[in-house]
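Undergrad: The structure under discussion is supplied below as structure tokens; questions concerning it will follow.
The values are calculated or read from the model by the stated rules, or taken from the named source; none is laboratory data. Keep in mind it's a predicted model, so treat the numbers as computed, not measured. No Cβ is skipped: glycine too gets one built from the backbone with ideal geometry, and neighbour counts run over all protein chains shown.
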Amino acid sequence: MIVTSADAFLAELAKLPPLPATRATARAVFMVAPAAAQLASESARDNRYMRMDAGFDPLRALAQHAALAAALRADCPVIVFPGDAATPDAMFPNNVFGTAPGKLIIGRMCHRVRQREAERADIRAFFRGVLDRAEIDLSQREDCVAELTGSLIIDHARGIAFCGLSERCDMAGARAMHEAFGLRLMFCFDLAESEYHTNVVMTCLAGRAAILAADGFRDPTVPRTIAQAFDERVIWLSPEQKRAYAGNAITLSPDRVWMSAAAVAALTDAQRNALADWGFAIGAVPLDEIEKAGGSLRCCVGEIF
């Protein structure tokens, strides 16, 4: 079921029976190495986090990306595909390729520079031929925009999701993703006008807690409602912490949350203590060069369920 009001979401959530023991974090992850010497100017049209005026060092970005892959291997297997200089945003693959058990899902991207990423035969062949996944291809649809887990935050433990609508995802795209990922309940809402992806303003922490930037949502009742869904176990971010990408985090094991070094530095002691109280250590990796491209750690990670 897809709902668009806070009251309907809480009412339907209360009706959902618990799932049998379900994995809340990915079995493995995949990444795409940075390869372009410059940022994608087309994406800057609606991604206000991009720093187009800053010099971009592709070798430094590649080194940071490799260090991230090495760090994440502490929690799960990591597969890294080579980059392509013709697709500067490809180092953020979770918007284009997603998985559910037995499935590879390919998103319908907003910008042409990102639509080219969906054409990669090697990534498709790996999931089809090596992992034996059925392919659900939204990329050629003309009736929707669906940028997968950039727009969609999934709580895998409960089979529910939170979908922020923007230029990068419309209602038709939300419906397509709801079906493709096999979700039980989806809460759709508008992001603030200045936001492009939900995963910059929200993180689900292994189904037990959340990170939220309240100013990233057009309707202030939405983040308060999401907080209720997590029994108020929420790290609330200031606008400054959001800009430091503290909302662009991921859990790849039940007991650790990964963020960029800048995001971790932006947290307060009280926020770090709250995460510890909820059973989460913090993993940090310097990603300041990659962050010039308008995304951070979570954007670099495609999950394999």
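Undergrad: Got a sec? Which of 166, 139 is in contact with a His (Cβ under 8 Å, 6 or more places away or on another chain) and surrounded by fewer than 24 Cβ atoms within 10 Å (Cβ to Cβ)?
TA: Details: 139 fails: in contact with a His (Cβ under 8 Å, 6 or more places away or on another chain).
The unique qualifying residue is 166.
Undergrad: For the range 242-263, enumerate the residues that are buried (at least 21 other Cβ atoms within 10 Å of the Cβ) and not small (Gly, Ala, Ser).
TA: Going through the range 242-263, the residues buried (at least 21 other Cβ atoms within 10 Å of the Cβ) turn out to be 242, 244-252, 257-260, 263.
Across the range 242-263, the qualifying residues are 242, 245, 248, 250, 251, 252, 257, 258, 259.
Undergrad: Being part of a strand (DSSP E or B) and of a type in the set (D, E, K, R) is the filter; apply it to the range 248-305 and report the residue that is farthest from the chain's Cα centre (by Cα). Lay out the reasoning, then the answer.
TA: Going residue by residue through the range 248-305, those that are part of a strand (DSSP E or B) are 250-253, 256-260, 281-285, 302-304.
Right, trim to of a type in the set (D, E, K, R) and you get 256, 303.
On the way: 256: 16, 303: 9 Å.
Out of the qualifying residues, it is 256.
Undergrad: In the range 34-71, which residues are crowded, with 16+ Cβ neighbours inside 10 Å, at pLDDT 85 or above and of a type in the set (Gly, Ala, Ser)?
TA: Scanning the range 34-71 gives 35, 61, 69.
Undergrad: Could you list all residues from the range 208-217 that are in contact (Cβ under 8 Å) with a residue 24 or more places away in the chain and either of a type in the set (A, V, I, L, M, F, W, C) or surrounded by fewer than 17 Cβ atoms within 10 Å (Cβ to Cβ) (or both)?
TA: Of the range 208-217, the ones in contact (Cβ under 8 Å) with a residue 24 or more places away in the chain are 208-213, 215-217.
Across the range 208-217, the qualifying residues are 209, 210, 211, 212, 213, 215, 217.
Yes/no per residue for (1) in contact with a His (Cβ under 8 Å, 6 or more places away or on another chain); (2) in contact (Cβ under 8 Å) with a residue 40 or more places away in the chain; (3) polar (S, T, N, Q):
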| residue | (1), (2), (3) |
| --- | --- |
| 33 | yes, yes, no |
| 58 | no, no, no |
| 84 | no, yes, no |
| 100 | no, yes, no |
| 130 | no, no, no |
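Undergrad: Hey, another quick one. Please specify each residue of the range 24-33 satisfying the condition of being surrounded by fewer than 21 Cβ atoms within 10 Å (Cβ to Cβ) and of a type in the set (A, V, I, L, M, F, W, C). Step through it out loud before you land on a result.
TA: Narrowing the range 24-33 to residues surrounded by fewer than 21 Cβ atoms within 10 Å (Cβ to Cβ): 24, 27-28, 33.
Of everything in the range 24-33, those that are surrounded by fewer than 21 Cβ atoms within 10 Å (Cβ to Cβ) and of a type in the set (A, V, I, L, M, F, W, C) turn out to be 24, 28, 33.
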